[in-house]
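The values are calculated or read from the model by the stated rules, or taken from the named source; none is laboratory data. Keep in mind that this is a model prediction, so the values were computed, not measured. Every residue, glycine among them, receives a Cβ derived from its backbone with ideal geometry; neighbour counts consider all protein chains shown.
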Amino acid sequence: MEKIKLNDEIIEQIKDFEWGNLTIKQSAIIEKLILNEELNRRYKDYGLCRECKQPKAGHYYNNYWCQSCNSKHFQEDFKNWTSGNHEVDKFIQSLQIKSNDCSEVLEWIEYDKLEKVEYLAKGGFGITYKAIWKDGYILDWNLENNQWERSKKSSKTYENYPVVLKCLHNSQDITAEFLREIESHIKIESIFVIRCHGITKDPTSNNFMMVMEYAENGNLRQHLNNSFNSMKWREKLDILRRIANGLYDIHNQGLIHHDFHCGNILNHNNNYTYITDLGLCRSTNIKSSQDEYKKVYGVLPYVAPEVLRGKEYTQESDIYGFGIIAYEVCTGLSPYHDIAHEVSLAINICRGLRPKSNYKIPQVILNIIKQCWDADPLKRPKANKLHNLLYNLYYSSNHEINNQIEQADEINEKLTTTSSLYTGIILSYTINSQAIYTSRLLDFKNLPEPKNDDEEEEYSGIYIV
Ligand SMILES: [Zn+2]
């Protein structure tokens, strides 16, 4: 906990300064009086807290949160709630005490605060429901009312704040798994990773559930089905750079997603994308021999060939998954949608098979995709480089990318006016009944050594009709 403080005498001298609009003389006084580097930085970044009069310990994008005051407000409330599970209570409490920003707050949410609970979907690891959270999430302490100020804003402001409830299954130690997933959400602290607001418990099933931010357009796969035919390259690039940014934020925390596919990316207000399902998210330090997840879980088309062969899942394996997702965003189609996802596909992926389409992708984007899905993990770009490349493509007025986009559009125009796939409002194509896009146990033996397909360059693309 924060111990360093400014004494009353200093506070008295600076309390009336208009923080954020200091005169030269006042700035000089601050430099003279606040010698402690940490307090000095905090004062300059966030000013003084109205409540405790100390420089706030906030967050880089939030200058109103006072960690020490809000920590106290949380503690005062500990006696008023319980999840009924000591471990869960301790977990929530410890996060509340530490939180430096409203985005790091996790709450115990009584089930009766949730309305209109309806079934949404069943994924590889859990069932999700949609609900309305009457109160909305904590924004800050309101000094005037002496209670939490709440918000109902995500990428837009709602009258009835929608949330997703996620209940886990398939786990031996449900509580540990559950808490680990939530911890990953809070730790990553990225605006490109979906937020977890709290925990609730379904009184009928007695299952704990995560209460998470809701994404209107569902997952990226659903969004592509609904919107691909009207999407411009700029929107696709925007989606890609946001996913890459979220992945970078995950990797930057020393974590690996482990289950990176289109179903685990949510979409909101068109291009806003958020990574979710961090249930398998692990530190890079944890080797699978120490971990109960020695087995490979995943969606076959997105799993890197070295992982299919039984090697450790790494950050580079997440990048491989990104390559497949990027191809999907660029061409609209689910990878290997017309074939069964069985051992022969795993063998072919190790031999260098990658998704193919005759939908033209601008070369500079295709080159990035190819680097991501290289058979050699060391040749795949790191997430920060990947993010930079896509960010620059999205924001630059570089002529090359614009020319390539124009050329690609010309070629695709023929396709989009003749192929029934691309002519409707939504993408319509048949998926093989054995093409499986939810996470499952993948257990293949004796797969060949991964390699790139040397013929790849010559491939002209006749995959779809
Ligand atoms: Zn304070």
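Scanning the stretch 333-357 for residues that are in contact with a helix residue (DSSP H, G or I) (Cβ under 7 Å, 6 or more places away or on another chain) and polar (S, T, N, Q), which turns out surrounded by the most Cβ atoms within 10 Å (Cβ to Cβ)?
S334
Residue-by-condition table, conditions (1) within 24 Å of N217 (Cβ to Cβ); (2) in the same structural domain as K360 (by TED's automatic domain parsing); (3) modelled with pLDDT of 85 or more; (4) small (G, A, S):
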position: K382; (1), (2), (3), (4): no, yes, yes, no
position: H387; (1), (2), (3), (4): yes, yes, yes, no
position: S396; (1), (2), (3), (4): no, yes, no, yes
position: I401; (1), (2), (3), (4): no, yes, yes, no
position: I405; (1), (2), (3), (4): yes, yes, yes, no
position: K414; (1), (2), (3), (4): no, yes, no, no
position: Y422; (1), (2), (3), (4): yes, yes, no, no
position: A435; (1), (2), (3), (4): yes, yes, yes, yes
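Condition check: more than 16 Å from the ligand (Cβ to nearest atom) and modelled with pLDDT of 95 or more. Does F78 satisfy that?
Judged against the criteria, F78 is a match.
Can Y119 be described as surrounded by fewer than 19 Cβ atoms within 10 Å (Cβ to Cβ), farther than 24 Å from F74 by Cβ and among the hydroxyl-bearing types (S, T, Y)?
It is true that Y119 is surrounded by fewer than 19 Cβ atoms within 10 Å (Cβ to Cβ), farther than 24 Å from F74 by Cβ and among the hydroxyl-bearing types (S, T, Y).
Scan the helices (runs of 4 or more DSSP H) fully inside the stretch 359-421 and keep the ones with 3 or more residues being within 24 Å of the chain's Cα centre (by Cα).
363-372, 383-395
Out of all the residues in the stretch 281-323, which are modelled with pLDDT of 70 or more and part of a loop (DSSP other than H, G, I, E, B)?
Those that are modelled with pLDDT of 70 or more and part of a loop (DSSP other than H, G, I, E, B): K295, V299, V303, A304, R309, G310, K311, E312, Y313, T314.
Here is a yes/no grid of residues against (1) under 26 Å from G279 (Cβ atoms); (2) modelled with pLDDT of 90 or more; (3) buried (at least 18 other Cβ atoms within 10 Å of the Cβ):
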position: K130; (1), (2), (3): yes, yes, no
position: K134; (1), (2), (3): no, yes, no
position: E149; (1), (2), (3): no, yes, no
position: S154; (1), (2), (3): yes, no, yes
position: P162; (1), (2), (3): yes, yes, no
position: H169; (1), (2), (3): yes, no, no
position: D173; (1), (2), (3): yes, no, no
position: S184; (1), (2), (3): yes, no, yes
position: G198; (1), (2), (3): yes, yes, yes
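Please work out which one of (1) touching a helix residue (DSSP H, G or I) at 6+ places or on another chain (Cβ under 9 Å); (2) assigned by TED's automatic domain parsing to the domain that holds K153 is the condition N80 fails and give its number.
(1)
Residues L120, L106, L95, L165: which one is under 15 Å from G198 (Cα atoms), hydrophobic (A, V, I, L, M, F, W, C) and in contact with a Gly (Cβ under 9 Å, 6 or more places away or on another chain)?
L106
So that you can scan it fast, the table gives a plain yes or no per residue for (1) acidic (D, E); (2) more than 13 Å from the ligand (Cβ to nearest atom):
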position	(1), (2)
F17	no, yes
L22	no, yes
Q26	no, yes
E37	yes, yes
L48	no, no
Q67	no, no
K72	no, no
S99	no, yes
Y111	no, yes
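If you go through the stretch 250-262 one residue at a time, do you hit one that is in the same structural domain as Y336 (by TED's automatic domain parsing), under 30 Å from L427 (Cβ atoms) and at pLDDT below 90?
From the stretch 250-262, those in the same structural domain as Y336 (by TED's automatic domain parsing) are 250-262; that's our starting set.
Keeping just the survivors that are under 30 Å from L427 (Cβ atoms) gives 250, 257-262.
Retained after the next criterion (residues that are at pLDDT below 90): 258-259.
Yes, because at least one residue in the stretch 250-262 is in the same structural domain as Y336 (by TED's automatic domain parsing), under 30 Å from L427 (Cβ atoms) and at pLDDT below 90.
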